[in-house]
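Student: Structure in structure tokens, see below.
The values are calculated or read from the model by the stated rules, or taken from the named source; none is laboratory data. Please read these numbers as outputs of a predicted model, since none were measured by experiment. Using ideal geometry, Cβ is built from the backbone for each residue, glycine included, and neighbour counts are taken over all protein chains shown.
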Amino acid sequence: MQFDLFKPMLPNGQSLLPLQLTGICLSLGGKKVLNQISFDTDIAGITAIMGPNGAGKSLLLRLIAGLIRQDAGSVQLGDGQQSIQGHLGFVFQRPVLLRRSVKGNLMHALKLAGFKSEASQLRCAQLLDLGQMTGLANSPARKLSGGEQQRLSLLRALACQPALLLLDEPSASLDPQATFLLEDLVRKASAAGVKVIIVTHDQGQAMRLAQEVVFIHKGQFLEKQNTQAFLKHPQTKQAKAYLAGELLLDHEI
């Protein structure tokens, strides 16, 4: 199976990188939940966003995807002229699937992406094979195991060959085997040139997948390092406490 099954479909060799966030602010219910977040990533591999519960990781991911709008600041992709629409895949922590078969979910995504019938059938078969789900093609998607549902969610997100794949703790409730199969697909997508940003609490997962880590705490960006350096030598006291499993008090910033 060729990894170019996931090769991003961007015209004329364009790229969504670098991804630049500048002065991002967001308030919900009168409370500032993201405060002056600024960082950029220009690597074509995998970036992990880490931080304590309530740090704003998932909100930041949704903001990058355009699912919510910031109050201030900007998200810029590439040269600023490239639209993210049609080039983005998103996988939520809990699978969101249609009341259709496994194959039906994939075919629906391919139809929306503009694939013709014959091409859709071939591509769907390839995706099912790569995801080890061929035998489940006609099974109701919502009756799959949790791991199978999440794997289908990832295959559906990758079906349209996005340039940017956003993953919000996709393996948080999965067993080791299901996590392995999911991570294998993420690696293959990254190897094909898909930029991946994953929110995770799992230090082992960050080490296995990511080339760099962005650490946020209480809605603020605190540091960005390559993964090994971050896990072994975090630069801030908050990151050190987080990695050590220590309680981060509300007044700490």
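Student: What are the residues in the stretch 182-233 that are surrounded by fewer than 21 Cβ atoms within 10 Å (Cβ to Cβ), more than 19 Å from LEU165 (Cα to Cα) and of a type in the set (Gly, Ala, Ser), if any?
Tutor: Those that are surrounded by fewer than 21 Cβ atoms within 10 Å (Cβ to Cβ), more than 19 Å from LEU165 (Cα to Cα) and of a type in the set (Gly, Ala, Ser): GLY204, ALA229.
Student: Which of (1) at pLDDT 95 or above; (2) on the phi > 0 side of the Ramachandran plot is the odd one out, the single condition SER153 does not satisfy?
Tutor: (2)
Student: How about the stretch 91-121: which of its residues are closer than 20 Å to MET9 by Cα, hydrophobic (A, V, I, L, M, F, W, C) and at pLDDT below 95?
Tutor: Of the stretch 91-121, the ones closer than 20 Å to MET9 by Cα are 91, 106-121.
If we keep only those that are hydrophobic (A, V, I, L, M, F, W, C) as well, we get 91, 106-107, 109-110, 112-113, 115, 119.
Matches in the stretch 91-121: ALA109, LEU110, LEU112, ALA113, PHE115, ALA119.
Student: Now for a different question. Of the residues in the stretch 207-247, how many are out of contact with any Ser or Thr (no Cβ under 7 Å at 6 or more places or on another chain) and in a helix (DSSP H, G or I)?
Tutor: Total satisfying the criteria: 15.
Student: For ALA109, state whether it is under 23 Å from SER190 (Cβ atoms) and out of contact with any helix residue (DSSP H, G or I) (no Cβ under 8 Å at 6 or more places or on another chain).
Tutor: Numbers: under 23 Å from SER190 (Cβ atoms): yes; out of contact with any helix residue (DSSP H, G or I) (no Cβ under 8 Å at 6 or more places or on another chain): no.
Judged against the criteria, ALA109 is not a match.
Student: Identify, by number, the condition in (1) touching a Lys or Arg at 6+ places or on another chain (Cβ under 9 Å); (2) surrounded by 14 or more Cβ atoms within 10 Å (Cβ to Cβ); (3) at pLDDT 95 or above; (4) over 24 Å from GLY45 (Cβ atoms) that ASN138 doesn't meet.
Tutor: (2)
Student: With the condition kept exactly as written, say whether any residue in the stretch 43-61 is in contact with a strand residue (DSSP E or B) (Cβ under 9 Å, 6 or more places away or on another chain), closer than 24 Å to ALA206 by Cα, part of a strand (DSSP E or B) and charged (D, E, K, R). Don't jump to the end; show me each part of the working.
Tutor: To start, the set of residues in the stretch 43-61 that are in contact with a strand residue (DSSP E or B) (Cβ under 9 Å, 6 or more places away or on another chain) comprises 43-52, 54-61.
Within this subset, residues satisfying the condition of being closer than 24 Å to ALA206 by Cα are 43-52, 54-61.
Subset that is part of a strand (DSSP E or B): 46-50.
Right, trim to charged (D, E, K, R) and you get none.
Scanning the stretch 43-61, I find no residue that is in contact with a strand residue (DSSP E or B) (Cβ under 9 Å, 6 or more places away or on another chain), closer than 24 Å to ALA206 by Cα, part of a strand (DSSP E or B) and charged (D, E, K, R), so the answer is no.
Student: Do you know which residues across the stretch 191-206 are part of a helix (DSSP H, G or I) and modelled with pLDDT of 95 or more? Working first, answer last.
Tutor: Here is the first cut: in the stretch 191-206, the residues part of a helix (DSSP H, G or I) are 191, 203-206.
Within the stretch 191-206, GLN203, GLY204, GLN205, ALA206 qualify.
Student: Give the residue that is nearest to THR236 (Cα to Cα), with candidates limited to residues of the stretch 42-67 that are modelled with pLDDT of 95 or more and β-branched (Val, Ile, Thr).
Tutor: ILE49
Student: Still on this structure, I have one more. Within the bounds of the stretch 75-87, is there any residue that is surrounded by fewer than 20 Cβ atoms within 10 Å (Cβ to Cβ), modelled with pLDDT of 95 or more and not in a loop (DSSP other than H, G, I, E, B)?
Tutor: no
Student: If you don't mind, another one. Kindly check whether there is at least one residue in the stretch 120-132 that is out of contact with any helix residue (DSSP H, G or I) (no Cβ under 9 Å at 6 or more places or on another chain) and free of Cβ contacts under 8 Å to residues at least 40 places away in the same chain. Walk me through it before giving the result.
Tutor: If we filter the stretch 120-132 for residues that are out of contact with any helix residue (DSSP H, G or I) (no Cβ under 9 Å at 6 or more places or on another chain), which is where we start, we get 122, 129.
Now restrict to residues that are free of Cβ contacts under 8 Å to residues at least 40 places away in the same chain: 122.
So far as the stretch 120-132 goes, yes, one or more of its residues are out of contact with any helix residue (DSSP H, G or I) (no Cβ under 9 Å at 6 or more places or on another chain) and free of Cβ contacts under 8 Å to residues at least 40 places away in the same chain.
Student: Please indicate, with yes or no, whether at least one residue in the stretch 94-114 is part of a loop (DSSP other than H, G, I, E, B), under 22 Å from ASP4 (Cβ atoms) and free of Cβ contacts under 8 Å to residues at least 60 places away in the same chain.
Tutor: We begin by selecting, within the stretch 94-114, every residue part of a loop (DSSP other than H, G, I, E, B); these are 94-100, 113-114.
So of that shortlist, the ones also under 22 Å from ASP4 (Cβ atoms) come out as 113-114.
Then drop every residue that is not free of Cβ contacts under 8 Å to residues at least 60 places away in the same chain, which leaves 113-114.
Yes.
Student: Just wondering, is there one or more residues in the stretch 109-129 that are surrounded by fewer than 18 Cβ atoms within 10 Å (Cβ to Cβ) and acidic (Asp, Glu)?
Tutor: yes
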